[in-house]
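Encoded as structure tokens, the structure appears first; notes follow it.
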Amino acid sequence: EKFIDQLSPHIVREPVIFIKGAKLFRNFRTGTLSLQAWFTTRINCSPSSKEAKELREWWSRERVSVRGLTGEAATQSLRLYGTAPAATPSPLVTRTFAEVDQEIGQQPSYDVRNVYFRSTAVVTAVMDCNMIYEGCPNLNCRRKVERRTNEGSTTVFFCPRCGITHSRFEYGVFMRLFLRDFSGGRWVTIFNTEVEDLYHTTPLGIKTLRDTVSPEEFRAFVYRVAFHRKVSWLLKGERDLRNGGTKFIVSGLQNFDILSAGSGVLQDISRLESEGQ
């Protein structure tokens, strides 16, 4: 709040804000977009640059029509200026890891668009080490918190994403699954809500089970459920800025529909035949 009070006198009405070093994040469930900032993120309010002037002129011309639009129409209008990513396809199409790898690899380095798709790949390996962590109690965040000690020698929990110090934490869970389709296999990351959907229990329930049974019994439980649940994976592919290539994250699960899966296989066969493969 102090920062906002200091900044307010310098902000003009409807300012142009340049943000460098932030990540565009799409909530898969709600479709909303947000920016994730880091300690390296730089924000410049109403800079005196040619680009800022052009953007303000564009907004002055288009703001009435853009404000009156919602959903895909607004996205299309913003995309004309290059300020919005492609919308998430609905319904999601079944694609292979290789196809998504190729699409993301062909994008320019400045393109931050993610690719959402459906997969009927099967789990062939599970990495379950250190799967339980102390997370932010804000269920819309769930980021891993940092234990700190305040002036009263009381343990508190700081969330680097929210920038808030909490008096408690909620257990979170994540896993790495190796999914394989006919184009090959990829490691994918699966987080809290999707892990709960896969195992039909909460992170606290998984921790309680881990602390109660032997390591062998717990590992058998983790593998048995992951290997035998019949689901369609809703996945997000994004550019791996740290290691290069593509990283995949599970964005949702759906009950496996054998008829839809069979139809998808037939479509893949027809497509490959038409391509002479």
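The values are calculated or read from the model by the stated rules, or taken from the named source; none is laboratory data. Just so you know, these numbers come straight off a predicted model, no measurement behind them. Counting neighbours? That spans all protein chains shown, and the Cβs are built from the backbone with ideal geometry, glycine included. In case anyone asks, the SASA skips ligands and DNA or RNA and just uses the protein heavy atoms, side chains included. Shrake-Rupley method; radii C 1.70, N 1.55, O 1.52, S 1.80 Å.
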Practice task
Please indicate, with yes or no, whether at least one residue in segment 211-218 is under 22 Å from the mean Cα position of the chain (by Cα) and either closer than 18 Å to Asn130 by Cβ or not in a helix (DSSP H, G or I) (or both).
Solution key: no
Exercise for the section: Could you list all residues from segment 140-163 that are modelled with pLDDT of 85 or more and over 23 Å from Glu194 (Cα atoms)? Expected result: Glu146, Arg147, Arg148, Thr149, Thr154, Thr155, Val156, Phe157, Phe158, Gly163
Practice task
Can you tell me which residue within segment 135-153, out of those that are part of a strand (DSSP E or B) and open to solvent by 70 Å² or more (accessible area, probe 1.4 Å), is nearest to Thr208 (Cα to Cα)?
Solution key: Lys144
Exercise for the section: Pull up segment 100-134, narrow it to residues that are open to solvent by 50 Å² or more (accessible area, probe 1.4 Å) and part of a helix (DSSP H, G or I), then point me to the one that is farthest from Trp187 (Cα to Cα). Expected result: Gln106
Problem - Checking Gly185 against (1) more than 24 Å from the chain's Cα centre (by Cα); (2) in contact (Cβ under 8 Å) with a residue 60 or more places away in the chain, the condition it does not meet - result: (1)
Problem - Meets criteria (out of contact with any Lys or Arg (no Cβ under 6 Å at 6 or more places or on another chain) and at pLDDT below 90) for His166 - result: no
Problem - Total residues in segment 159-170, condition surrounded by 15 or more Cβ atoms within 10 Å (Cβ to Cβ) and assigned to a loop (DSSP other than H, G, I, E, B) - result: 3
Handout entry: Residue list for segment 198-226, filter: surrounded by 13 or more Cβ atoms within 10 Å (Cβ to Cβ) and within 20 Å of Ala121 (Cα to Cα)
Key = Leu198, Tyr199, Val222, Tyr223, Val225, Ala226
Completion exercise
The residue that is farthest from the chain's Cα centre (by Cα), considering only those in segment 227-257 that are β-branched (Val, Ile, Thr) and open to solvent by 30 Å² or more (accessible area, probe 1.4 Å), is Thr246
Problem - Residues located in segment 132-191, provided they are small (Gly, Ala, Ser) and touching a strand residue (DSSP E or B) at 6+ places or on another chain (Cβ under 7 Å) - result: Gly135, Ser167, Gly172, Gly185
Exercise for the section: Answer yes or no as to whether Val145 is within 18 Å of the chain's Cα centre (by Cα) and aliphatic (A, V, I, L, M). Expected result: no
Exercise for the section: From Val156, Val188, Val195, Val173, grab the single residue that is among the β-branched types (Val, Ile, Thr), open to solvent by less than 40 Å² (accessible area, probe 1.4 Å) and over 28 Å from Thr41 (Cα atoms). Expected result: Val195
